[in-house]
Structures are given as structure tokens and as C-alpha cells.
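Participant: Have a look at this one before I ask anything.
Read-outs throughout are calculated quantities, based only on the coordinates presented, and are distinct from any laboratory measurement. The structure displayed is predicted, hence computed values, not measured ones. Backbone-built Cβ (ideal geometry, glycine too); neighbour counts: all protein chains shown.
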Amino acid sequence: MNKPTLFIDVDGVLLDWFNPFHAWMKRQGMRRVRTDSYDMRDSYPSLATAELRRLVLDFNQSPAFRDLQPDDDARKALWNIHHELPDWPIRYVSSCGSTAKIQEARSAQLTGIPSPMMLTCLRLGASKRPIFQQVARAIVVEDSPEQLRVAEELGHFTVCVRQPWNRIVDGTIRINHLRDLTPEALRKIEKGRE
Ligand SMILES: [Mg+2]
């Protein structure tokens, strides 16, 4: 049987987008009021949705975004998987915005990890359903409750990277960091599904 595709989310999974973003917002004079919701409107309730969206896109086109990098443990974990499970396709999917500038910056962030060309950037906040639907079997590694729900609905196996905004997500195994996604853990998941 074909090996499942490993879909790796970027922000909140492969690298820390949230802390640099909120630090950047603070420099713009914005005050964050909540830290436990994935919905930015809960963090900045005084901003209109369109304004918030513009700010996220501004950040994602700023030098601060371009500088984001996966930490060494995340890199190591992916190389381990790539070496020990070479026939498992790895794809990176991000709803970070799809302007040329954002795509180029996101690609630069993936330098030095396995399969860096296997990156899809969707428009900001877009559902990953059309991408998840492209394969019959996948293991989806995510921090967004909504994207996890979509993956579950499509019958994919899900792994949730624990964050303050995703305490309650059913039907998924939970890890603290990408370093916990070992080749052994993936083999075990695959064995359980056969
Ligand atoms: Mg994410």
C-alpha cells in the first residue's frame, strides 16, 4: 500500500509565528487581550476584521516574517523522518497568504529542511480542504482546530501540536512539539490503521 502523505502545517507547527507576530503588533501599538483563542478577533477585539487581516498580511510581508525559522529540533525531527521513512511524501501547507512576496519568504524559511519545494501557500486563512483532498491517505500535523476538523472529516489521521488555542480538539493525538513526531510514532500510527 502507498505510504500516507505527511502534511506539515507551518505556523504554530514547524515554526513559531505567533510570538513574533504579537511582538510586531505591540510595536504597532496594538494591545492583545486574549492568548487562548485561534481567532485573532478574540485577541484584538477593538480591530475590525478587515483591518486585522490587513495587519496579518502586512506582517507576513515584513522582514520580521522572512526571518522566521524552524528550531533545530523541528529540523532534526523532519530529517529523521525523511531518512528513516524515505518513501513517505512530506508536504508543507500554509494559509499564510499567497502573494509572491509571502510565497518567496515562506520558501526561504524552509531552506535546509527535507522536500522544501513541496510547499503550498494558500490565501490568508483559507481552508486546506482542497489540498487535503488530493490524497487518499494522509497524516495531518496541525495546530488549527478548524484545519484539524477538516482533516478528520476527510478521514485523515490527525496530530495536533498543543498550543494555548487548541486545548479542546477531539479525535486527534496530541504532541508538544514536532520533535515528538518520530519515525517510530509514525510507523505505529500506520500500523494501527492497516
Ligand atoms: Mg498553524
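Participant: Can you find, among Asn80, Pro70, Phe157, the residue sitting farthest towards the positive end of the charge dipole of the chain, where Lys and Arg contribute +1 and Asp and Glu -1 at Cβ?
Facilitator: Most positive-ward Cα: Pro70.
Participant: Continuing with the same structure: Would you please put 73-79, 46-52 in order of how densely packed they are, using the mean number of other Cβ atoms within 10 angstrom per residue and starting with the highest?
Facilitator: Numbers: 73-79: 17.4, 46-52: 12.1.
Top of the packing list down: 73-79, 46-52.
Participant: For the chain, what is the mean residue ellipticity at 222 nm derived from helices alone (per DSSP H run of n ≥ 4: -39500 (n - 2.57); sum divided by total residues; nearest 500 deg cm²/dmol)? Don't skip to the answer; put the middle values down first.
Facilitator: Numbers: 9 runs with 77 residues, N = 194.
Mean residue ellipticity, 222 nm, calculated: -11000 deg cm²/dmol.
Participant: Next question. How large is the dipole of segment 74-170 about the Cα centre if only Lys and Arg carry +1 and Asp and Glu carry -1, each at its Cβ, rounded to the nearest 20 debye? Before the final figure, lay out the partial values.
Facilitator: Details: 12 positive and 9 negative charges, 54 e Å.
Magnitude of the dipole: close to 260 debye.
Participant: For segment 71-86 and segment 128-148, write down the distance between their C-alpha centroids in whole Å.
Facilitator: When both Cα centres are located, 20 Å separates them.
Participant: A further question on this structure: Just need log10 I(q)/I(0) for segment 18-66 at q = 0.12, 0.17, 0.22 Å⁻¹, Debye formula, equal scatterers on the alpha-carbon atoms, no solvent, rounded to two decimals.
Facilitator: Taken in order of the listed q values, log10 I(q)/I(0) reads -0.22, -0.45, -0.76.
Participant: Rg and Dmax of segment 79-146, Cα atoms, in Å?
Facilitator: 12.7, 35
Participant: Using θ = phi - 60° and the Karplus form 6.51 cos²θ - 1.76 cosθ + 1.60, what ³J(HN,Hα) does each residue of segment 108-124 get, whole Hz, x for Gly and Pro?
Facilitator: Values, residue by residue: 4, 5, 8, 4, x, 10, x, 6, x, 6, 7, 10, 10, 9, 9, 5, 3 Hz.
Participant: How big is the Rg/Rh ratio for the chain, C-alpha atoms only, Rh by Kirkwood, two decimals?
Facilitator: Details: Rg = 16.5 Å, Rh = 17.2 Å.
With Rg and the Kirkwood Rh in hand, the quotient comes to 0.96.
Participant: Relative to the longest principal axis of the C-alpha atoms of the chain, give the angle of the C-alpha long axis of helix 183-193, reported between 0 and 90° and rounded to the nearest 10°.
Facilitator: With rounding to tens, the tilt is 70 degrees.
Participant: Give the Cα extents of segment 1-98 along the principal axes, in whole Å, largest first.
Facilitator: 51, 26, 25
Participant: In whole Hz and in residue order, list the ³J(HN,Hα) couplings for segment 13-18 that follow from phi through the Karplus curve 6.51 cos²θ - 1.76 cosθ + 1.60, θ = phi - 60°; x for Gly and Pro.
Facilitator: Calculated HN-Hα couplings, in order: 10, 7, 8, 8, 8, 5 Hz.
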